[in-house]
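The values are calculated or read from the model by the stated rules, or taken from the named source; none is laboratory data. Since we're looking at a predicted model, the values are computed, not measured. With ideal geometry, Cβ positions are generated from the backbone for all residues, glycine too; neighbour counts draw on all protein chains shown. Heavy atoms of the whole protein, side chains included, go into the accessibility calculation; ligands, DNA and RNA do not. Shrake-Rupley method; radii C 1.70, N 1.55, O 1.52, S 1.80 Å.
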Amino acid sequence: DAGVTQSPTHLIKTRGQQVTLRCSPKSGHDTVSWYQQALGQGPQFIFQYYEEEERQRGNFPDGFSGHQFPNYSSELNVNALLLGDSALYLCASSLLGAGETQYFGPGTRLLVL
Amino acid sequence: AQSVTQLDSQVPVFEEAPVELRCNYSSSVSVYLFWYVQYPNQGLQLLLKYLSGSTLVKGINGFEAEFNKSQTSFHLRKPSVHISDTAEYFCAVSVVGGYKYIFGTGTRLKVLA
């Protein structure tokens, strides 16, 4: 049973560029959440998707957007990258429901130069 | 709003010694509590969670945690650590009925030979 997978594993971009990160959830899961983990910090919640709609959003600017596809996979898009967007981006999948365990992927490490 | 405080950024401990990693939270509503471990260059793996019921929760790899509502704490313990336990440990909360996780800043456990 494949767990949560993310692509790419590493990415280097320059300021002002746009980036798309991808996530495939654990088999059987219908909910995908995205987190940003800056160096030396805990993960910060970006948003969560269920049934192709954004259900909840953290304190991130509108330049962070996402999408969920009918097969439950998801994308995170960041427009006009800033140096401060350099971080590990983690995708987590779960079943819908409060208290359901979120299973995390290995992350995409984004470096903005 | 909820918050999580992990009081120790780093905890060195000798192999086969006991360890306690501290976690305190703040919330005006009921919460679920989680401990995750992150090994270098990997995503987060769930160690244990508290949803309701018994306040002593047992997890994987010999870890356990105790929920103390009056102290608003959820400390993680292991009676005898191994070199392989060296990793970053994150405490997280989720509001009952909510979906996002709020993470602490993490505690780096270093097990010494």
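Kindly establish whether residue B:30 is exposed (fewer than 14 other Cβ atoms within 10 Å of the Cβ), of a type outside the set (A, V, I, L, M, F, W, C) and either under 16 Å from residue B:104 (Cα atoms) or modelled with pLDDT under 95 (or both). Walk me through how you get there before you give the answer.
Details: exposed (fewer than 14 other Cβ atoms within 10 Å of the Cβ): yes; of a type outside the set (A, V, I, L, M, F, W, C): yes; either under 16 Å from residue B:104 (Cα atoms) or modelled with pLDDT under 95 (or both): yes.
Against the criterion (exposed (fewer than 14 other Cβ atoms within 10 Å of the Cβ), of a type outside the set (A, V, I, L, M, F, W, C) and either under 16 Å from residue B:104 (Cα atoms) or modelled with pLDDT under 95 (or both)), residue B:30 qualifies.
Please verify whether residue A:48 is part of a strand (DSSP E or B) and touching a residue at least 24 places away in the same chain (Cβ under 8 Å), treating the condition exactly as stated. Can you show your working first?
Working: part of a strand (DSSP E or B): yes; touching a residue at least 24 places away in the same chain (Cβ under 8 Å): no.
Here the answer is no, as residue A:48 does not meet what is asked.
So which of B:98, B:106 is farther than 20 Å from residue A:105 by Cα, open to solvent by less than 50 Å² (accessible area, probe 1.4 Å) and within 10 Å of chain A (Cβ to nearest Cβ)?
Values: B:106 fails: farther than 20 Å from residue A:105 by Cα.
So the residue among B:98, B:106 that is farther than 20 Å from residue A:105 by Cα, open to solvent by less than 50 Å² (accessible area, probe 1.4 Å) and within 10 Å of chain A (Cβ to nearest Cβ) is B:98.
Looking only at segment A:71-100, which residues are within 14 Å of residue A:112 (Cβ to Cβ) and open to solvent by 10 Å² or more (accessible area, probe 1.4 Å)? Steps first, answer last, please.
The first filter runs over segment A:71-100 and keeps only residues within 14 Å of residue A:112 (Cβ to Cβ), leaving A:78-89.
A:79, A:80, A:82, A:83, A:84, A:85, A:86, A:88 - these are the residues of segment A:71-100 that are within 14 Å of residue A:112 (Cβ to Cβ) and open to solvent by 10 Å² or more (accessible area, probe 1.4 Å).
Answer yes if at least one residue in segment B:18-36 is of a type in the set (Asp, Glu), within 16 Å of residue B:110 (Cβ to Cβ) and more than 11 Å from chain A (Cβ to nearest Cβ), and no otherwise.
Within segment B:18-36, the subset of a type in the set (Asp, Glu) is B:20.
If we keep only those that are within 16 Å of residue B:110 (Cβ to Cβ) too, we end up with B:20.
Still in the running and more than 11 Å from chain A (Cβ to nearest Cβ): B:20.
There is at least one residue in segment B:18-36 that is of a type in the set (Asp, Glu), within 16 Å of residue B:110 (Cβ to Cβ) and more than 11 Å from chain A (Cβ to nearest Cβ).
Look through A:90, A:81, A:96 and report the one residue that is modelled with pLDDT of 95 or more and in a loop (DSSP other than H, G, I, E, B).
Being modelled with pLDDT of 95 or more and in a loop (DSSP other than H, G, I, E, B) holds for just one of A:90, A:81, A:96, which is A:81.
Determine whether residue B:109 is touching an Asp or Glu at 6+ places or on another chain (Cβ under 7 Å) and touching a residue at least 12 places away in the same chain (Cβ under 8 Å). Step through it out loud before you land on a result.
On the way: touching an Asp or Glu at 6+ places or on another chain (Cβ under 7 Å): yes; touching a residue at least 12 places away in the same chain (Cβ under 8 Å): yes.
When the stated conditions are applied, residue B:109 passes them.
Step by step: first the residues of segment B:46-63, then only those that are over 9 Å from the mean Cα position of the chain (by Cα) and under 20 Å from residue B:9 (Cα atoms), then the one that is most open to solvent (accessible area, probe 1.4 Å). Which residue is that?
B:46
(1) crowded, with 19+ Cβ neighbours inside 10 Å; (2) in contact with a helix residue (DSSP H, G or I) (Cβ under 8 Å, 6 or more places away or on another chain): which one isn't true of residue B:67, the others all being true?
Status for residue B:67: all satisfied but (2).
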